[in-house]
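Peer 1: There's a structure below that I have some questions on.
No lab work stands behind these numbers, since they all come straight from the coordinates. Here the structure is a predicted model, which means the values were calculated and not measured. Here the Cβ positions follow ideal geometry from the backbone for every residue, glycine too, while neighbour counts run over all protein chains shown.
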Amino acid sequence: MDARLSHWDPFGRHVAAQVHQVPPVALPVRVPPAAVSALTLVALGASVPMLLMALFGSPWAWVPAGVFALAIAAVLGASMLDKTEQRRLHTYMQLAEQLKWSFRLAPKQVPGGPGLSGSRRRSAAGLDIPADRMHGALAGALQQAEAAQRAAGTLSDTDPAELLQVYRSLPELFSPRPGQPVAMTIEAEFWGETAAGLPFWLGAREALMDTTFASPELRQDRHGNRGRQGALLMMVAGYGLDRDTGIRAVLTAEALGDAAGDFKTESTAFNERFHIAARGDAQLPDDVELRLLQALTPATQMALLELWGRYRIQVIIDGATVFVSGYERLNTRNEAMLRERLPAAAEAFAAAAIRFKRYVE
């Protein structure tokens, strides 16, 4: 890529063309998904008697506690042997190279960010303690861990404050709510153009998924995969419109109690699915509903209802920029199938942005 080229970015950042290099995994020890499911079952089975025995003060509580600890350690060890993270990030790099997108890793810990990315304070891990005041063994271990991550290509060079700006710009799309049961965090950022030439930004995370105890509907994905070990591909994308809508509208999944006070369209199905909150700009504060209905044409509403069925889509219209978030469930850990579906899902999500843009009047 031409290093002089910079990408359109919805957050005003200057982003040069780049592809973060994640080396292919050398000699991973592949652990069968069935073994991981079995270990997970053992851990869950041991947790119940462990909690009950601890609650009633049983002196034998250490037995299920030990089984639980060993099973969890085995699951984590299997992930380390399998080099799951490096393989996943290498897939992101292949995706970017295949589609000629730019790609970089996001920081793993973002203090103040949503979910797990911001739940731990840096001081708790010793990461903001000056080196001259840190215990020698701890400092050495942290340096070794950082060196190992850098050698594996899994360490981000992006300032966490930069990603925090992204999270704070779109709090509604990253917070848990109906349709998005867990807080979304980003582990990779992409910049590129859709097949139609529309520039976009895309943040993604692939979370491991186990459907052993899931409902029958969740044991098979839209592509016919029925594996117990799978992945949840979570995405949020931003793209620009040709004109400023003059509003900030947030379309999220309707929750209990949301119906009162939100904006309504002529579509009952749309009103039942989406909660709509909107405000206008300072110059035209009383024109919000008209501008909202100009953006949410009947064709737009039909497209969003369709995308809800596939991605659980949620949307923010922010002036001349539109942000869309959603996820796709993949009930497989097959390497070849994941490499096939991840690019297809990312391109389908980008294509959804074009489809929405086409209907904005």
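Peer 1: Quick one: if the Förster radius is 25 Å, what FRET efficiency do R87 and E193 give, using the C-beta to C-beta distance and rounding to 0.05?
Peer 2: After rounding to 0.05, the efficiency reads 0.40.
Peer 1: Additional query: Can you give the extra length, in nm with one decimal, that the chain gains between A26 and F56 once fully stretched, where that is 0.36 nm per residue apart less the Cα-Cα distance?
Peer 2: 6.0 nm
Peer 1: Calculate, in nm to one decimal, what E289 and Q149 gain on full extension: separation in residues at 0.36 nm each, minus their alpha carbon distance.
Peer 2: 45.4 nm
Peer 1: With a Förster radius of 22 Å, plug the Cβ-Cβ distance of R248 and S175 into 1/(1 + (r/R0)^6) and report the FRET value to the nearest 0.05.
Peer 2: Efficiency at R0 = 22 Å is approximately 0.85.
Peer 1: Still on this structure, I have one more. Which FRET efficiency value, to the nearest 0.05, is calculated for F11 and V63 with the Förster distance at 56 angstrom and r the Cβ-Cβ distance?
Peer 2: So the FRET efficiency works out to roughly 0.60.
Peer 1: Work out how much length V48 to Q220 would gain on full extension: take 0.36 nm times their residue separation and subtract the Cα-Cα distance, in nm to one decimal.
Peer 2: Contour length minus the Cα-Cα distance gives 59.1 nm.
Peer 1: Next question, about the same structure. Once both labels are modelled 7 Å past Cα along the beta-carbon direction, what's the A344-L41 spacing in nm?
Peer 2: 3.0 nm
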